[in-house]
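Notes follow the structure.
The values are calculated or read from the model by the stated rules, or taken from the named source; none is laboratory data. What you see is a predicted model, and the numbers here were worked out from it, not measured in a lab. Heads up, the Cβs are rebuilt from the backbone with ideal geometry, glycines too, and the neighbour counts pull from every protein chain shown. Protein only, heavy atoms only, side chains kept; ligands, DNA and RNA dropped before computing areas. Shrake-Rupley method; radii C 1.70, N 1.55, O 1.52, S 1.80 Å.
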Amino acid sequence: MEKRYFQKEIETMPVEQIKKLQSEKLVKQVKHVYENVAYYRDLMDKKGVTPDDIKGIEDLHKLPFLTKSDLRDAYPYGLLAKPLEDCVRIQSTSGTTGKRVVAFYTQHDIDLWEDCCARAIVAAGGSKSDVCQVAYGYGLFTGGPGLNGGSHKVGCLTLPMSSGFTERQIMFMNDLKATILCCTPSYAAYIGETLKEMGYTPDQIPLKAGIFGAEPWTQEMRRNIEETLGIKAYDIYGLTETSGPGVSFECEEQTGMHINEDHFLAEIIDPETGEVLPEGSKGELVFTSLDKEAFPLLRYRTRDICVLSRKKCSCGRTFIKMSKPMGRSDDMLIIRGVNVFPSQIETVLLKEGYQPNYQIVVDRANNTDTFEVNVELNTEKFTDTVSGVTAMEKSLAEALKTMLGINPKVNLVPPKSIVRSEGKAVRVIDKRNLHD
Ligand code: ADP
Ligand code: ZN
């Protein structure tokens, strides 16, 4: 099969050339930010670094970091680097971990963001002859607008469904022969579940590919979605602070997401010390926007934990790859002193034959953390005897204990009793915070 790219020259540029391009852009970007953003200028002054100290990407480590709390402090206009009259759009984070932050875009910023999404769609096999159903939320959330713009750039026939109204999604998917579905993985799983219940087999579903992101999802979840929908499922990553989805995207190899390095410069740091770690180390992902005009964050700490790799990719793209972030440092629960990521629980559930419909409830009783996992019984596993349910709960609790090192209480609950997500799934209810 002929390899296809949206912007071949850039996507397959030799690494040395990418680095040179990044260096040139960085020098310009640091000047732009220093001259126009008082907040960041102060941070640089405090660190004793001036734009003249930045001669290329090798000097990046001299710059101060930005964190989400800087974004909150500077809300709403404090990090704006262009006059408001030059901006054409505002988007906002989902507020998953606290107060929302807002980001601004000039037309140039929108264009480069949509190009990044278009690269992702083409990497997933998309072209002019595809019908692209965008079932990410539209509005302040970047998912819908980003993929919508990318789909237009590719020339796909775009179906701007937004999220929700699942039966209508399915009706249009079938009537209009949607071939690519873009939404969160948890919503894709829900659409798949609904199609199955309606009696559809994978070969009756017109989709061929899905582009899923905006929340962590495991390889097991990927296989589950691929099987139910009869598609190839591609990961896409991004965050509002850097533009939105499309900061990185998967190719057919499905072994990590290529970072759009002509626009975003990535580093991995030790989240405790801030020290830059060598390629291949696991740590916190940090991004510098190289081209953005209105909201150009330098060394923004994402809190997403992953690994970068420059291993040669069979797709021909030369952009560095990031592994799937399996949860942010602040998604991590500490239960009875043990670190627990919701994604670990998802892995176990799917391996044990359950559907990815679960909720983790953490509370505190008598100064000890309580840890419960509510999991839906699915029809295939259905048993109506009390002893049958108890045995299944016990065996699942054992499997979870092997993975996590601590013992949860598993509650099997009736099918359909856990709320389905149309956007980002809410997996954790931590009641401990409510008592503080
Ligand atoms: P919020 O931070 O309020 O959720 P965003 O909608 O901007 O706001 O979400 C960006 C975050 O979503 C990322 O920092 C990351 O934690 C998560 N995310 C986005 N895409 C993926 C993905 N493909 N895999 C895992 N996590 C992702
Ligand atoms: Zn590749």
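By the rule of a second cysteine Cβ within less than 4.7 angstrom, the chain holds isolated cysteines at CYS87, CYS116, CYS117, CYS182, CYS183, CYS306, CYS313. The local environment of LYS153, defined by Cβ-Cβ distances under 10 Å, has a net charge of -2 under the rule Lys, Arg +1 and Asp, Glu -1.
Element breakdown for segment 333-430 at a 1.4 angstrom probe: carbon and sulfur atoms account for 53% of the accessible area.
For a paramagnetic label modelled on VAL419 (point 7 Å from Cα along Cα→Cβ), amide N atoms under 19 Å away belong, within segment 346-361, to 356-361. Would you mind counting up the charge near LYS324? Only other residues with Cβ under 14 Å from its Cβ, with Lys and Arg at +1 and Asp and Glu at -1. Net local charge, LYS324 excluded: -3. DSSP beta bridges fully contained in the chain are about 60 percent antiparallel.
Counted residue by residue at 0.36 nm each, then reduced by the alpha carbon distance between them, the extension gain from LYS62 to THR390 reaches 112.3 nm. So for segment 333-430, considering every pair of alpha-carbon atoms, how many percent are separated by more than 20 Å? When every Cα pair of segment 333-430 is considered, 34 percent fall beyond 20 Å. Estimated at 0.36 nm per residue, the fully extended path between THR370 and LYS351 surpasses their Cα-Cα distance by 4.4 nm. Across the alpha-carbon set of the chain, the Rg to Rh ratio works out to 0.98, Rh being the Kirkwood radius. With a Förster radius of 41 Å applied to the beta-carbon distance between VAL338 and ASP52, the computed FRET efficiency rounds to 0.30. Only beta bridges with both residues in segment 333-430 are counted; by DSSP, about 60 percent of them are antiparallel.
Full extension of the segment from GLU272 to SER69, taken as 0.36 nm per residue of separation minus the current Cα-Cα distance, would add 71.5 nm. Remark: segment 333-430 carries a charge dipole of roughly 140 debye about the Cα centre, counting +1 on each Lys and Arg Cβ and -1 on each Asp and Glu Cβ. Counting only lysines at least 8 places from LYS401 when in the same chain, those with an alpha carbon closer than 16 Å to its own are LYS351, LYS409. Sites listed here are trypsin sites (Lys or Arg not before Pro) in segment 12-68 whose DSSP assignment is loop and whose Cβ has at most 15 other Cβ atoms within 10 Å: LYS55. Taking segment 223-254 and a reference point 7 angstrom along Cα→Cβ of TYR39, the backbone N atoms nearer than 15 Å belong to 240-243. For the cross-link pairs LYS20/LYS208; LYS46/LYS82; LYS232/LYS394; LYS25/LYS208; LYS196/LYS311, the ones whose C-alpha atoms lie over 28 Å apart are LYS20/LYS208; LYS232/LYS394; LYS25/LYS208; LYS196/LYS311.
Between ASN411 and ARG168, the distance separating the two model label sites (each 7 Å from Cα on the Cα→Cβ line) works out to 3.4 nm.
Here is the result for segment 57-115: no GluC sites (Glu not before Pro) lie in DSSP coil with at most 15 other C-beta atoms within 10 angstrom of their C-beta. Each 5 Å bin from 0 upward holds the following percent of the Cα-Cα pairs of segment 136-294: 2, 8, 16, 20, 19, 14, 9, 6, 4, 2, 0. Which GluC sites (Glu not before Pro) does segment 202-240 hold that lie in a coil by DSSP with at most 15 other beta carbons within 10 Å? Loop-located and lightly packed - none at all.
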